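The values are calculated or read from the model by the stated rules, or taken from the named source; none is laboratory data. This one's a predicted model, so the numbers in the text were calculated from it and none came from an experiment. When we count neighbours, we look across all protein chains shown, and the Cβ atoms used for this are built from the backbone with ideal geometry, even at glycine. Side chains are part of the model used for accessible areas, which takes the heavy atoms of the whole protein and leaves out ligands, DNA and RNA. Shrake-Rupley method; radii C 1.70, N 1.55, O 1.52, S 1.80 Å.
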Amino acid sequence: AQYTITYFPVQGRSEPIRLLLTDQGAQWKDEVVPIEDWMGGKSPLKKEAVFGQLPKFQDGDLTMYQSNAILRYLGRKYGLYGKNDKEAAVIDMVNDGLEDFRLKYVRLIFTEYDTGKDKYIADLPNQLGPFERILSKHPGGFVNGSQISYADYNLLHILHLHLKLAPGCLSEFPLLKAFVAKMEARPKLKSYLESDACKRRPAHPKDKQ
Ligand SMILES: N[C@@H](CCC(=O)N[C@@H](CS(=O)(=O)O)C(=O)NCC(=O)O)C(=O)O
């Protein structure tokens, strides 16, 4: 395979990359790093990593880190970045909003789960509302209206994480609900989401929902 994704044995920040590549019909190799090897310093990967973190992405002689930079690289490569700079700017803005959302989720899961879960779920409408409004502003089903972009794969994964955490969280958000159904119905994504490889990967190391 032309691409390699190096990451821990979870979905985490590498899943939107897998969703994009799958939907674009691209193959990749998963290099899975057991967390104990990484933390125990047994693997040289942490020292080699530019920011000491994963995911790491390789495309031939390109080696890069930073999950959102990887998504933008693939967005340019597969024409998933709008049709001009203005559309690209809105797509980047939405993905930055998704990054803020993901960071809140990661903080909940890793540091505040037992004490903060109920409050986090109660506040979800405030986190989801902006993305419902974005879809209503750009009719066509995707973040950038009728043309799919790299941010859509990040949105899908973040919505999947939250549907696991709070199954009814999209009941007040018809456009987000329709977005998930539309993305899941895309043939390549559908078969990936039903695959063992996908099902076997927990959402994150603590996979408590
Ligand atoms: N901004 C980076 C963050 C990467 C990051 O925080 N990686 C974590 C794992 S996760 O947050 O993606 O789950 C990591 O490598 N942690 C191990 C370490 O920091 O040694 C990105 O988007 O790739």
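Data for the structure
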{"item": "Some residue of the stretch 198-209 being within 15 Å of Q11 (Cβ to Cβ) and in a helix (DSSP H, G or I)", "result": "yes"}
{"item": "Every residue from the stretch 118-166 that is at positive phi and not in a loop (DSSP other than H, G, I, E, B)", "result": "G145"}
{"item": "The stretch 65-81, residues that are more than 9 Å from the ligand (Cβ to nearest atom) and among the small types (G, A, S)", "result": "G75, G79"}
{"item": "Condition met for P205 (more than 17 Å from the chain's Cα centre (by Cα) and exposed (fewer than 15 other Cβ atoms within 10 Å of the Cβ))", "result": "no"}
{"item": "Among the residues listed as S171, S191, S149, the single one being among the small types (G, A, S) and in contact with a strand residue (DSSP E or B) (Cβ under 9 Å, 6 or more places away or on another chain)", "result": "S149"}
{"item": "Search result, residues across the stretch 82-101 that are of a type in the set (D, E, K, R), part of a helix (DSSP H, G or I) and open to solvent by 50 Å² or more (accessible area, probe 1.4 Å)", "result": "D85, K86, D96, D100"}
{"item": "Number of the exception - K56 against (1) touching a residue at least 60 places away in the same chain (Cβ under 8 Å); (2) touching a strand residue (DSSP E or B) at 6+ places or on another chain (Cβ under 6 Å)", "result": "(1)"}
{"item": "Check on G79, closer than 20 Å to G141 by Cβ and either in a helix (DSSP H, G or I) or open to solvent by 20 Å² or more (accessible area, probe 1.4 Å) (or both)", "result": "yes"}
{"item": "In the stretch 1-37, residue farthest from the chain's Cα centre (by Cα) [restricted to those that are of a type in the set (S, T, N, Q) and crowded, with 18+ Cβ neighbours inside 10 Å]", "result": "T6"}
{"item": "Close pairs from the stretch 4-20: first within 18 Å of I109 (Cα to Cα), partner of a type in the set (G, A, S) and at pLDDT below 95, Cβ under 8 Å, at least 6 apart", "result": "V10/A203; Q11/A203; G12/A203"}
{"item": "Residue within the stretch 122-141 that is touching a strand residue (DSSP E or B) at 6+ places or on another chain (Cβ under 6 Å) and touching a residue at least 60 places away in the same chain (Cβ under 8 Å) present", "result": "no"}
{"item": "Members of the stretch 1-53 that are within 28 Å of Y192 (Cα to Cα), within 10 Å of the ligand (Cβ to nearest atom) and of a type in the set (K, R)", "result": "R13"}
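Results for (1) assigned to a helix (DSSP H, G or I); (2) on the phi < 0 side of the Ramachandran plot; (3) crowded, with 16+ Cβ neighbours inside 10 Å; (4) in contact (Cβ under 8 Å) with a residue 40 or more places away in the chain, shown as yes or no for each residue.
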residue	(1), (2), (3), (4)
M64	no, yes, no, no
L103	yes, yes, no, no
V106	yes, yes, no, yes
F110	yes, yes, no, yes
G116	yes, yes, no, no
